[in-house]
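Trainee: Supplied in structure tokens, the structure appears directly below.
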Amino acid sequence: MPSPKRILISGYYGLRNTGDEAVLSAIIQGFRARYADIQITVLSADPEETERTHGVRAVARMSPALVRAAIRECDLFISGGGSLLQDATSFKSLAYYLLVIAEAKRQKLPVMILGQGIGPLRRSASQRLTARALNGVDIITVRDLQSADLLRQIGVSGRIEVTADPTLILNPCPQDEAGRLLAEAGISPGEDVTAVSLRGWPERPGLEEAISKALADLADKLPSKLLLLAMQWPDDMTIARHAARGISPDKVAVQPEAWTAEQMLGVLARCRFVVAMRLHALIFAASVEVPSLGILYDPKVEQFALMTGQEGITLEDTMAGLLPDQASAAWYKRDSLAEKLKTSVPAMKSAADRNFLLAEELLRKV
């Protein structure tokens, strides 16, 4: 009888980011659907939380000895999902993920980059080191064409396929659970809800104040209640609570506690429209065919809006006070935006599933 397959997953896990935890949930679900007895280990910033939440083994991602040992014990190394390979957050973050990939290659393991968004890579050193680490990787799948183009531009060769973000395979929580969560947030049954997902962005001083004012104006324009969400808990709560203070209490609700990815999907499925900076809020909304307006603070947000035929507003226009008008205009054409999702999303979900077909191909060779 063959031994169970063993995989090791590296990513931004154990840090209470709903989007990244959703990526991990999707990767685990995708593998377990194909291998009932698969053994999964995750490199995590909070191993106990990851083990409790996802039902997998986890080890401390910043312990070189534990990471090397975990790599030795696995059959396939996955650098999984999200925007890991970029230097906008920090060069240090990029270097960490590249070093782990390099260690897996050094130990001659099959390595897969799974459903990632690549870039930006602003420094020449970032481009050079990324190309060096990724050349020789067995399979690279990326969630958009721009990521594939960037990899080829910096000199990455080998097998690169455009698939989709793995979180598109996730299902929302049951409707009654979503209803309970909405009630706990202060949303009455039958209320028209517009979800809003914000994040701080230090590169734009004054953005928080500009968005807070814009949301107050938007709340006055729309016959809809705003629900302010936190995809990164509790960090996003700072800007959400600040924004809520400027809005009439009967026009706004705030997420009261951290929700799982499946719960967030269930809540968004009960909303009629979404305004979001966070990419995975837009991905979740598209997944349940809820139209959106993306605040385009990063190329990845713009790329996703274009891929799904949804609306977008630049940071410059947001800072200039144009968000209420653009968001309300998009809100009133929700039906036509939702029709575009019915065309684009099924193909994206199929592409997301292909990530796991390709991983299975690698595991069959082990």
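Rule-based calculations on the coordinates, nothing more; no lab input. It should be emphasised that the depicted structure is a prediction, and the values quoted were computed from it without experimental measurement. When we count neighbours, we look across all protein chains shown, and the Cβ atoms used for this are built from the backbone with ideal geometry, even at glycine.
Trainee: What's the exposure ranking of Asp335, Asp144, going from fewest to most Cβ atoms within 10 Å?
Mentor: With the sparsest Cβ surroundings first, the list reads Asp335, Asp144.
Trainee: Taking the Cα atoms of the range 30-90 alone, what are Rg (to one decimal) and Dmax (as a whole number) in Å?
Mentor: Cα only, the range 30-90: 12.8, 38 Å (Rg, Dmax).
Trainee: Name the residues of the range 1-38 whose amide N is less than 18 Å from a point 7 angstrom out from the Cα of Arg106 along the C-beta direction?
Mentor: Taking a point 7 Å out along Cα→Cβ of Arg106, the residues of the range 1-38 whose backbone N falls under 18 Å are 10.
Trainee: Turning to a different aspect of this structure: In the range 167-300, how does Rg compare with the Kirkwood Rh, expressed as the Rg/Rh ratio over alpha carbon atoms?
Mentor: Taking Rg over the Kirkwood Rh, I get 0.93.
Trainee: Volume per residue, Å³, of the convex hull around the alpha-carbon atoms of the range 86-232?
Mentor: 165 Å³
Trainee: Would you mind getting me the FRET efficiency between Ala95 and Glu73? Use the beta-carbon distance for r and R0 = 22 Å, nearest 0.05.
Mentor: Using R0 = 22 Å, I get an efficiency of 0.35.
Trainee: Something else now. Quick check: pseudo-label points 7 Å beyond the Cα along Cα→Cβ at Leu145 and Ser188, how many nm apart are they?
Mentor: Here the answer is 4.7 nm between the modelled labels.
Trainee: Check the straight Cα-Cα distances from Lys251 and name the lysines below 23 Å, setting aside those fewer than 8 residues away within the same chain.
Mentor: Lys213, Lys221, Lys225, Lys333
Trainee: For His54, His242, what's the fewest-to-most ordering of other Cβ within 10 Å of each Cβ?
Mentor: Sorted ascending by nearby Cβ count, the order is His242, His54.
Trainee: Looking at the chain as a GNM with Cα springs under 10 Å, which of Ala125, Ala133, Ala88 has the largest mean-square fluctuation?
Mentor: Among Ala125, Ala133, Ala88, the largest GNM mean-square fluctuation belongs to Ala125.
Trainee: Given the alpha-carbon gyration tensor of the chain, what are the semi-axes of its equivalent ellipsoid in whole angstrom, ordered largest first, with each equal to the square root of 5 times an eigenvalue?
Mentor: After diagonalising the Cα gyration tensor, the semi-axes are 35, 22, 19 Å.
Trainee: Relative to the longest principal axis of the C-alpha atoms of the chain, give the angle of the C-alpha long axis of helix 175-185, reported between 0 and 90° and rounded to the nearest 10°.
Mentor: 60 degrees
Trainee: Which value, in debye to the nearest 20, gives the size of the charge dipole of the chain about its Cα centre, when Lys and Arg are +1 and Asp and Glu are -1 at the Cβ?
Mentor: Using only the charged Cβ atoms, the result is roughly 1300 debye.
Trainee: Can you list residues from other chains, or at least 5 along the same chain, whose modelled amide H is less than 5 Å from the amide H of Val275?
Mentor: Placed amide hydrogens put Ala195, Val196, Ser197, Leu293 under 5 Å from Val275.
Trainee: Can you tell me which of Thr53, Thr163, Thr141 moves the most in a GNM of the chain? Springs connect C-alpha atoms under 10 Å apart.
Mentor: Of Thr53, Thr163, Thr141, the most mobile in the Gaussian network model is Thr53.
Trainee: Would you work out which of Tyr332, Ser224, Gly155 lies farthest towards the positive end of the dipole of the chain, given +1 charges on the beta-carbon of Lys and Arg and -1 on that of Asp and Glu, about the Cα centre?
Mentor: Gly155
Trainee: Let me know the volume per residue of the alpha-carbon convex hull for the range 295-366, in Å³.
Mentor: Dividing the Cα hull volume of the range 295-366 by its residues yields 82 Å³.
Trainee: Taking the alpha carbon gyration tensor of the range 6-162, what are the square roots of 5 times its eigenvalues, largest first, to the nearest whole Å?
Mentor: 24, 16, 16
Trainee: Need the list of lysines near Lys5 for cross-linking: C-alpha distance under 21 angstrom, and skip anything on the same chain fewer than eight residues off.
Mentor: Lys105, Lys108, Lys365
Trainee: Additional query: Compute a Gaussian network model of the chain, connecting alpha carbons closer than 10 Å, and tell me which residue from Gln175, Gln116, Gln303 fluctuates the most.
Mentor: In this elastic network of the chain, the residue with the biggest mean-square fluctuation among Gln175, Gln116, Gln303 is Gln175.
Trainee: Next question. On a C-alpha basis, how far is the centre of the range 94-161 from the centre of the range 210-257 in Å? Whole number, if you could?
Mentor: Answer, in whole Å: 37.
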